[in-house]
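Accompanying notes for the structure given below.
The values are calculated or read from the model by the stated rules, or taken from the named source; none is laboratory data. Remember, it's a predicted structure, so these values are computed and weren't measured experimentally. Positions of Cβ are generated from backbone atoms using ideal geometry, with glycine treated the same way; all protein chains shown enter the neighbour counts. SASA here: full protein model, heavy atoms, side chains in, ligands and nucleic acids out. Shrake-Rupley method; radii C 1.70, N 1.55, O 1.52, S 1.80 Å.
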Amino acid sequence: MIDVNGTLVSKGKGGVYGEKMLGEYRVWDPYRSKLAALWYLEKSDWLKSSDVVLYLGAANGTTVSHVADYTESVYAVEFAPRPMQDLLEVSKRRKNIVPIYSDATQPQKYAALLEPADLIYQDVAQPNQAEIAVKHIDFLKTDGRYILMLKTRSVDIRKSPQEVFADSCRELEAGGYFVEKSIWLNPYHQDHAAIILRKAD
Ligand code: SAM
């Protein structure tokens, strides 16, 4: 991922959502995007030019557009009509985004549109976030990675973020994943954890 004097950027046509430009680069704001926050906290290179990405919870395409700047193709799933309209506009301006208007709890409805993913990125802020990840395990390549952005307060407001995190990890492991690493996204996003998964052996 591209670092210009400590600022995360991506290379692509600007003006997608009013993002700042640094010369030819689009500034990727960690307060608006959990994936950018993860990069600032941990500086791993999550995106490669040959990657096929399945993106669940695309919203209006803010993060999707940056991911598309770095990768081969992005299959972007969103189920709310209003953000979907914006996502369609973003998709018109990027040749490698496939917008999918569908519900991520029912992957069988869009399975035929997909190809095996190098990376699945999930940011849906719903109670059943771990369940959604388990439902998508067969769409991940054997050596692929799953980044689950867990919004703990959407899962159970009565439990502490740490309890929700532990419960979710148990559910993910029971569903066939290995938790490779996890990072809390403070100070950029409160009560959110990035959980990096691989398929268990
Ligand atoms: N990832 C976006 C970004 O960084 O620009 C922000 C995503 S926002 C936190 C969560 C999005 O997930 C919302 O747009 C919501 O409509 C969508 N969503 C929630 N549940 C979903 C589901 N079951 N299927 C598809 N989209 C869903």
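Compare the Cα positions of THR7, ILE183, VAL77 along the charge dipole of the chain (+1 at Cβ of Lys, Arg; -1 at Cβ of Asp, Glu; about the Cα centre) and return the one farthest towards the positive end. Checking the options against the dipole of the chain, the answer is THR7.
Accessible area per residue for the chain is 47 Å², calculated with a 1.4 Å probe on protein heavy atoms, without ligands, DNA or RNA.
Which value in deg cm²/dmol, rounded to the nearest 500, describes the helix-derived mean residue ellipticity at 222 nm for the chain, given -39,500 (n - 2.57) per DSSP H run of n ≥ 4 and division by the residue count?
On the way: 6 runs with 55 residues, N = 201.
It lands at -8000 deg cm²/dmol.
Out of the total accessible area of segment 1-90 (probe 1.4 Å, heavy atoms of protein only), what percent is carbon and sulfur?
49 percent
Cut-off under 14 Å on the C-alpha distance; same-chain residues fewer than 8 positions from LYS181 excluded. Which aspartates and glutamates are left, in chain and number order? Filter leaves GLU42, GLU173. Taking the protein heavy atoms of segment 112-201 in the context of the full set of protein chains, the accessible area attributed to carbon and sulfur is 49 percent at 1.4 Å. Any chance you could give the angle, 0 to 90 degrees and rounded to 10, that helix 81-92 forms with the longest Cα principal axis of the chain? Once rounded, one gets 50 degrees.
Give the ranking of MET1, MET149, MET21 by solvent-accessible surface, highest area first, calculated with a 1.4 Å probe. Write out the running numbers ahead of the final one.
Values: MET1 40, MET149 0, MET21 85 Å².
Ranked list, largest accessible area first: MET21, MET1, MET149.
For segment 185-201, backbone phi angles converted through the Karplus equation (6.51, -1.76, 1.60; θ = phi - 60°) give residue-by-residue couplings of 8, 4, x, 6, 9, 6, 6, 10, 10, 8, 10, 9, 10, 10, 5, 5, 5 Hz, Gly and Pro being listed as x. Pick from ALA112, ALA80, ALA68: which is most flexible by mean-square fluctuation in a GNM of the chain where alpha carbon atoms under 10 Å apart are linked? Among ALA112, ALA80, ALA68, the largest GNM mean-square fluctuation belongs to ALA112.
Helix 161-174 axis versus longest C-alpha principal axis of the chain: approximately 80°, rounded to the nearest ten.
Taking the simple approach of a point 7 Å from Cα along Cα-to-Cβ for both LYS48 and GLU115, what is their distance in nm? Reported label-point gap for LYS48 and GLU115 is 1.5 nm.
Each Lys and Arg contributes +1 and each Asp and Glu -1, all at the Cβ; summed about the Cα centre of the chain, the dipole is approximately 440 debye.
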